[in-house]
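Structure first, commentary second.
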Ligand code: KG4
Ligand code: ZN
């Protein structure tokens, strides 16, 4: 049995978790900064790193306490090394190096995106079926929209990604346009419940013949419509626009993912990253896919440290621990 304590501070959540054998979550503590950043309408990097400094030690202590373990009981320390905000990553990496040094345990620097994918292996009490290889991962977060093919553990082939805005970024920007607040994804999802997804025929950017995405045109289409209504002194139908925008994004994400799954003959699909918390996306991809779809429980879709421990377990098994001196990789890509 291998237990890993992981730390995650790549953006605006300070998180720590203990996971057993890369799957069973013994604890997962997350201190969110959302309320603080909501005042600025987005993440303010300096504020984020200061908050991580305040929260990191209590959050790590809480993760150990909730797991009923002490630092001596874990086999390794893992930490997000990138991608992310440099000032935020540095807090977690330095803290994790300190823990590893004090306890003389091995350390692993983990790719945040790899973590999001491995969230699909996590469970609390009852084991869930494991994703089967080859698998296709749709990674949709605030900073990324990627289709990644995995032939086996830790093997990543990036098929394509976004040419402009990430899916989550588009949700956040459109929510701001519609004055729905931050973070945009949950706000749009909520407003969309009262709207008609067919009220406005927003464009579906298919980029046929590629595995790439583009969401900035869709965002501009919403912007133009909002401006035109404002000029005419007409009310903005927030719910209808939210529903129509969400439907367009989900159509493209589901359509392209299923097409790639077929083209590469995968045995399963993993949907991960903050946007995988979206209810419409979850329902549509699950009901339309011919192969099993694995989507992490909601709490492990958005940033958390359990997913970092899950990925670290595979690297630990493959004896890929890191040296003390490793640096941050704020622009680290996967595959
Ligand atoms: O993975 P994540 O927590 O952080 C990054 O690594 O970026 O993803 C955050 C993104 C935000 O853009 C947020 O608006 C989006 O995930 N998100 C959602 C939902 N919940 C979070 N997007 C659509 N629907 C949701 N329910
Ligand atoms: Zn993330």
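The values are calculated or read from the model by the stated rules, or taken from the named source; none is laboratory data. All values derive from a computational prediction rather than experimental measurement. Positions of Cβ are generated from backbone atoms using ideal geometry, with glycine treated the same way; all protein chains shown enter the neighbour counts.
Restricting the stretch 39-48 to residues that are assigned to a helix (DSSP H, G or I) and over 19 Å from the mean Cα position of the chain (by Cα), which is surrounded by the fewest Cβ atoms within 10 Å (Cβ to Cβ)? Out of the qualifying residues, it is 46. Of the strands (runs of 3 or more DSSP E) entirely within the stretch 66-153, those holding at least 1 residues that are at pLDDT 95 or above and farther than 13 Å from residue 6 by Cα occupy 76-82, 135-140, 145-150.
Looking at 115, 84, just one residue is buried (at least 23 other Cβ atoms within 10 Å of the Cβ), within 14 Å of ligand 1 (Cβ to nearest atom), over 30 Å from residue 177 (Cβ atoms) and touching a residue at least 40 places away in the same chain (Cβ under 8 Å), and that residue is 115.
Consider residue 160 carefully, then state whether it is within 16 Å of ligand 2 (Cβ to nearest atom) and either over 19 Å from residue 294 (Cα atoms) or in contact (Cβ under 8 Å) with a residue 40 or more places away in the chain (or both). So residue 160 fails the test. Looking across the stretch 1-34, the residues that are without any contact (Cβ under 8 Å) to a residue 24 or more places away in the chain and more than 14 Å from ligand 2 (Cβ to nearest atom) come down to 1, 20.
All of (1) crowded, with 24+ Cβ neighbours inside 10 Å; (2) within 16 Å of ligand 2 (Cβ to nearest atom); (3) farther than 18 Å from residue 244 by Cβ hold for residue 143 with one exception: (1). Restricting attention to the stretch 243-283, the residues being at positive phi and within 9 Å of ligand 1 (Cβ to nearest atom) number 1. Screening residue 259 with (1) within 23 Å of the chain's Cα centre (by Cα); (2) surrounded by 18 or more Cβ atoms within 10 Å (Cβ to Cβ) gives one miss only, at (2).
When residue 34 is tested against (1) within 16 Å of ligand 1 (Cβ to nearest atom); (2) buried (at least 17 other Cβ atoms within 10 Å of the Cβ), just one condition goes unmet, and that condition is (2). Mind checking which residues of the stretch 241-280 are under 26 Å from residue 200 (Cα atoms), within 16 Å of ligand 2 (Cβ to nearest atom) and touching a strand residue (DSSP E or B) at 6+ places or on another chain (Cβ under 9 Å)? Passing the criteria: 274, 275, 276, 278.
Residues that are under 17 Å from the mean Cα position of the chain (by Cα), in a loop (DSSP other than H, G, I, E, B) and within 15 Å of ligand 1 (Cβ to nearest atom) within the stretch 154-179 comprise 165, 166, listed in sequence order. Of all residues in the stretch 284-298, which are surrounded by 15 or more Cβ atoms within 10 Å (Cβ to Cβ) and within 11 Å of ligand 1 (Cβ to nearest atom)? Once the filter is applied, which keeps residues that are surrounded by 15 or more Cβ atoms within 10 Å (Cβ to Cβ) and within 11 Å of ligand 1 (Cβ to nearest atom), the stretch 284-298 yields only 296.
Using the structure shown, decide if residue 89 is within 13 Å of ligand 2 (Cβ to nearest atom) and either touching a residue at least 24 places away in the same chain (Cβ under 8 Å) or closer than 21 Å to residue 55 by Cα (or both). Judged against the criteria, residue 89 is a match.
With respect to the conditions (1) more than 16 Å from residue 27 (Cα to Cα); (2) crowded, with 24+ Cβ neighbours inside 10 Å, residue 121 lacks only one, and its number is (1). Scanning the stretch 321-335 for residues that are loosely packed, with under 13 Cβ neighbours inside 10 Å and either within 16 Å of residue 107 (Cα to Cα) or more than 23 Å from the chain's Cα centre (by Cα) (or both) turns up 323, 324, 325, 327.
Yes/no per residue for (1) part of a helix (DSSP H, G or I); (2) under 13 Å from residue 177 (Cβ atoms); (3) not assigned by TED's automatic domain parsing to the domain that holds residue 172:
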{"site": "201", "(1), (2), (3)": "no, no, no"}
{"site": "206", "(1), (2), (3)": "no, no, no"}
{"site": "211", "(1), (2), (3)": "no, no, no"}
{"site": "222", "(1), (2), (3)": "yes, yes, no"}
{"site": "228", "(1), (2), (3)": "yes, yes, no"}
{"site": "235", "(1), (2), (3)": "no, no, no"}
{"site": "248", "(1), (2), (3)": "yes, no, no"}
{"site": "251", "(1), (2), (3)": "yes, no, no"}
{"site": "257", "(1), (2), (3)": "yes, no, no"}
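Tell me yes or no: at least one residue of the stretch 42-65 is away from ligand 2 (no atom under 16 Å from the Cβ), touching a residue at least 60 places away in the same chain (Cβ under 8 Å) and more than 23 Å from residue 323 (Cα to Cα). Within the stretch 42-65 (the criterion being away from ligand 2 (no atom under 16 Å from the Cβ), touching a residue at least 60 places away in the same chain (Cβ under 8 Å) and more than 23 Å from residue 323 (Cα to Cα)), the answer is yes, since at least one residue qualifies.
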